[in-house]
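Report on one structure; see the data block that follows.
Every read-out reported here was derived from the displayed coordinates using simple, explicitly stated rules and does not represent laboratory data. Just so it is clear, the model here is predicted, and its values are computed rather than measured. Cβ atoms come from the backbone with ideal geometry, glycine included; neighbour counts cover every protein chain shown.
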Amino acid sequence: MADHPVVVGKLLIDGDWVPATSGRGFDVVDPGTEEVIGHVADASAADVDAAVRAARRAFDEERWLRLSSAQRGIVLWRVADLMASRAEELARLESRDVGMPVSQAALMVAEAVNQFRYYAGLADKIHGSTVDLGPAERRMHGATYREPVGVVAMIVPWNAPLIAMSMKLAPALAAGCACVLKPSEEAPLTALALGRILLEAGVPAGVVNIVTGFGPTGAALAEHPGVDKISFTGSTAVGRKIVAAATGNLKRVSLELGGKSPVVVLPEADIDAAAAGIAVGIFWNSGQICTSGTRLFAHESVYEKLVDAIAEQGRSMKVGYGTDPDALLGPLISRRQLDRVAGFVDRGVDAGARIVSGGQRLGERGFYYPPTVVADVTPAMEIVREEIFGPVLCAMPFTDLDDAITLANDTEYGLAGSVWTRDIAVAHRVARRLRAGRIGVNVHRAGGVQMPVGGYKQSGWGRENGPDALEEYLETKSVVTMLDR
Ligand code: ADP
């Protein structure tokens, strides 16, 4: 699969691989070489309709719910086993599709496997409660049932496709839903590989359908009256469109959107360790992660030393092609993204920012951009306010911690953040005051499937990971029984 030069993808509808009805397709490009590595189907609104109808039939016929919850868990565990047995192949494919080094893609595959194992274990632990209806109503028995929300559409981005889709599919399937998945047009290949694995593991036909395509394919899903719930990961701009499209049938909506996460460093922090951790927090996956720590607020007493140390960490990270064993970072996903990232940095410099390291695109072929540290920024600058989605850290000194926290929270986003200090009390105080869904203490990004993630403010609605994610795919029904009739 991975070494095949061109993957030809079809749509997965009702257990069959079918071409788009229009016959149209599009090329998938390796961002490291700009070579075409795949050609996949471009699903029209008619294809989306067929996929949603297939999911509805599978749900109504209880093809998945017919299995006991324990059996569904076993199937999900088998998905994890199959993914693990093909981990290398999947990592190579993800690497070619997204650009990230194979070693990093392997970590992503492992995390996607964890998603299926975690929710496999939870599949038979979903239950409602019995309710005491009070002495006057002893004749009544109250109970709540937890039921799957129905047909779920999932729209995912390109930056970490396998994780993004597994963190939706695994809990939705554990909850008993039927799904229609739309991967990103920029990186659709591992979704198709996962589709094959799901069928092989025994997920019944129609329970997971996959439609590849661009924005209009996603829009057709978001407005489809046959979809009960939409779970979206992507930009805040598209998130708003999803919400608007969902109003037709008032489908439920979960959103995992953008971020501009702060990193707050106190004077007593271990500066060397902080520099290494902060560099990983911003540069990993070339900054193409919504939780990346993009705004550094460092106490003035450690600011210069820390900024230089992070810049040095960045310089030491080799940027290269996915199969280069020394490369820690790959290219950006596309020329559009490269132009976007470079544009932000160039405009930042025009506005008075100082480049400490990086700041110039690399090479002629492929979409490479180096780890970049930008200092002397001010809170109002575009580069500080907008999500760049690239390996660019904006650094600012602070004198007073209260001011730093105010500035850290001065953003429309609220996805993540971190605080770096040896003083545990200060760490907890800052963690409480940052308005974001996930805070690291002396680490920027940590915790896997067990820890809920999601956004405050305009970073999203709802949570993924942990038991919380199951809630996104369940309804609660109250059942009251009159006992003496
Ligand atoms: P990015 O620019 O980082 O790819 P987007 O938010 O544009 O993030 O895309 C995330 C996902 O949303 C992709 O699968 C994309 O095809 C899809 N998408 C884009 N526009 C729309 C839309 N109007 N409605 C639904 N999905 C969309």
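What does the highest-first list of 103-114, 289-300 look like by mean Cβ count within 10 Å?
Values: 103-114: 21.2, 289-300: 24.7.
The peptides rank, most packed first, as 289-300, 103-114.
Hey, what's the Kirkwood Rh for the range 169-230 if you take every pair of different alpha carbons, in angstrom?
Details: mean 1/r = 0.0807 Å⁻¹.
With all distinct Cα pairs of the range 169-230 included, I get 12.4 Å.
Distance from the Cα centre of the range 200-219 to that of the range 358-405, in angstrom?
37 Å
Going by alpha carbons, how many degrees (0 to 90, nearest 10) lie between the helix axis of 335-350 and the longest principal axis of the chain?
Helix 335-350 sits roughly 40 degrees off the main axis of the chain.
What share of all Cα pairs of the range 383-446, in percent, falls into each consecutive 10 Å distance bin?
Percent of Cα pairs in each bin: 19, 56, 24, 1.
If neighbour count is taken as other Cβ atoms inside 10 Å, put Phe214, Phe367, Phe398, Phe116 in order from fewest to most.
Working: Phe214 14, Phe367 24, Phe398 20, Phe116 32.
Fewest-to-most ranking of Phe214, Phe367, Phe398, Phe116: Phe214, Phe398, Phe367, Phe116.
Once phi is turned into ³J(HN,Hα) by the Karplus curve 6.51 cos²θ - 1.76 cosθ + 1.60 with θ = phi - 60°, what whole-Hz value does each residue of the range 261-276 show in order, with x for glycine and proline?
6, x, 10, 10, 10, 8, x, 8, 5, 6, 5, 5, 5, 5, 4, 5
With a 10 Å Cβ neighbour count serving as the proxy for reagent exposure, in which order, fewest first, do Leu82, Leu162 appear? Present the calculation step by step, with values, prior to reporting the outcome.
Details: Leu82 19, Leu162 29.
Starting with the residue having the fewest Cβ neighbours, the order is Leu82, Leu162.
Could you run the Karplus curve 6.51 cos²θ - 1.76 cosθ + 1.60 with θ = phi - 60° over the range 178-194 and give me ³J(HN,Hα) per residue in whole Hz, x for Gly and Pro?
10, 10, 10, 10, 10, x, 6, 4, 7, 8, x, 6, 6, 4, 5, 5, 5
Can you give me the Kirkwood hydrodynamic radius for the range 119-177, using every pair of distinct Cα atoms, in Å to one decimal? Can you show the working numbers first?
Details: mean 1/r = 0.0708 Å⁻¹.
Roughly 14.1 Å, rounded to one decimal.
About its Cα centre, what dipole magnitude does the range 123-253 give when the only charges are +1 on Lys and Arg Cβ and -1 on Asp and Glu Cβ, stated in debye to the nearest 20?
Details: 12 positive and 9 negative charges, 45 e Å.
About 220 debye.
Where the eigenvalues come from the Cα gyration tensor of the range 1-104, what are the semi-axes √(5λ) of the equivalent ellipsoid, largest first, in whole Å? Walk me through the intermediate numbers first.
Values: eigenvalues 169, 104, 15 Å².
The answer is 29, 23, 9 Å, longest axis first.
Can you count the Lys pairs in the chain with C-alpha separation below 13 Å, eight or more apart or on different chains?
Working: Lys10/Lys182; Lys168/Lys182; Lys168/Lys229; Lys229/Lys251; Lys260/Lys457.
For the chain, qualifying lysine pairs total 5.
Take the Cα pairs of the range 153-304, get the Kirkwood Rh, then feed it into Stokes-Einstein at 10 °C and 1.306 mPa s and tell me D in µm²/s.
Numbers: Rh = 17.3 Å.
Translational D for this selection: 92 µm²/s.
Roughly how big is the range 358-484's charge dipole about its Cα centre, with Cβ charges of +1 (Lys, Arg) and -1 (Asp, Glu), in debye to the nearest 20?
Numbers: 13 positive and 17 negative charges, 71 e Å.
Once rounded to the nearest 20, the dipole reads 340 debye.
Could you order the peptides 257-263, 43-49, 440-446 from most to least packed, using the average number of other C-beta atoms within 10 Å per residue? If you can, show how the numbers build up before the last one.
Working: 257-263: 27.6, 43-49: 21.1, 440-446: 18.6.
Highest-to-lowest ranking by the protection proxy: 257-263, 43-49, 440-446.
I need the peptides 147-159, 27-39 ranked by packing, meaning the mean over residues of other C-beta atoms within 10 angstrom, with the highest value on top. Walk me through the numbers before you get to the answer.
Working: 147-159: 24.5, 27-39: 18.7.
Ranking the peptides 147-159, 27-39 by packing returns 147-159, 27-39.
Rounded to whole Å and sorted largest first, what semi-axes of the equivalent ellipsoid does the C-alpha gyration tensor of the range 51-145 yield via the square root of 5 times each eigenvalue? Walk me through the numbers on the way to the answer.
Working: eigenvalues 328, 59, 30 Å².
That gives 41, 17, 12 Å for the three semi-axes.
Can you give me the pair-distance distribution of the chain, C-alpha pairs, 10 Å bins, whole percents?
Bin by bin from 0 Å, the calculated values are 4, 20, 28, 25, 15, 6, 2, 0, 0.
Run through the DSSP bridge list for the chain and note the antiparallel percent, rounded to the nearest 5.
Working: 27 of 68 bridges.
Taking every DSSP beta bridge with both residues in the chain, the antiparallel ones total about 40 percent.
Note down the Stokes-Einstein diffusion coefficient of the range 286-383 in µm²/s, whole number, using a Kirkwood radius over alpha carbon pairs, 10 °C, and 1.306 mPa s. Don't skip to the answer; put the middle values down first.
Values: Rh = 14.4 Å.
Rounded to a whole number, D works out at 110 µm²/s.
Measure nothing but the geometry: give the 0 to 90° angle between the long axis through the Cα atoms of 87-98 and the longest principal axis through the Cα atoms of the chain, rounded to 10°.
Roughly 60 degrees between the two axes.
Might you report the magnitude of the Cβ-based charge dipole of the chain about its Cα centre, with Lys and Arg at +1 and Asp and Glu at -1, to the nearest 20 debye?
Working: 49 positive and 58 negative charges, 249 e Å.
Its charge dipole is roughly 1200 debye.
Filter the trypsin sites (Lys or Arg not before Pro) in the range 53-105 to those in DSSP coil with at most 10 other Cβ atoms within 10 Å of their Cβ, and list the result. The partial results should precede the final answer.
Details: sites: Arg53, Arg56, Arg57, Arg63, Arg66, Arg72, Arg78, Arg86, Arg92, Arg96; in loops: Arg63, Arg66, Arg86.
Of the trypsin sites (Lys or Arg not before Pro), the ones in loops of the range 53-105 whose Cβ has at most 10 other Cβ atoms within 10 Å are Arg66.
Between Ile278, Ile74, Pro135, whose Cα lies farthest towards the positive end of the dipole of the chain when Lys and Arg beta carbons carry +1 and Asp and Glu beta carbons carry -1, centred on the Cα centre?
The residue sitting farthest along the positive end of the dipole is Pro135.
Rank the residues Glu364, Glu200 as a footprinting-exposure proxy: fewest other Cβ atoms within 10 Å of their Cβ go first. Please list the in-between numbers first.
Working: Glu364 7, Glu200 11.
Least to most surrounded, the residues fall as Glu364, Glu200.
Over all distinct Cα pairs, what is the inverse of the mean 1/r for the range 342-485, reported as the Kirkwood hydrodynamic radius in Å?
18.3 Å
Along the charge dipole of the range 193-345, Cβ charges K/R +1 and D/E -1, which of Thr236, Phe297, Ala327 sits furthest on the positive end?
Thr236
Return the equivalent ellipsoid semi-axes of the range 425-485 as a descending list in whole Å, where each equals the square root of 5 times an eigenvalue of the C-alpha gyration tensor.
Numbers: eigenvalues 259, 36, 29 Å².
For the range 425-485, the semi-axes come out at 36, 13, 12 Å.
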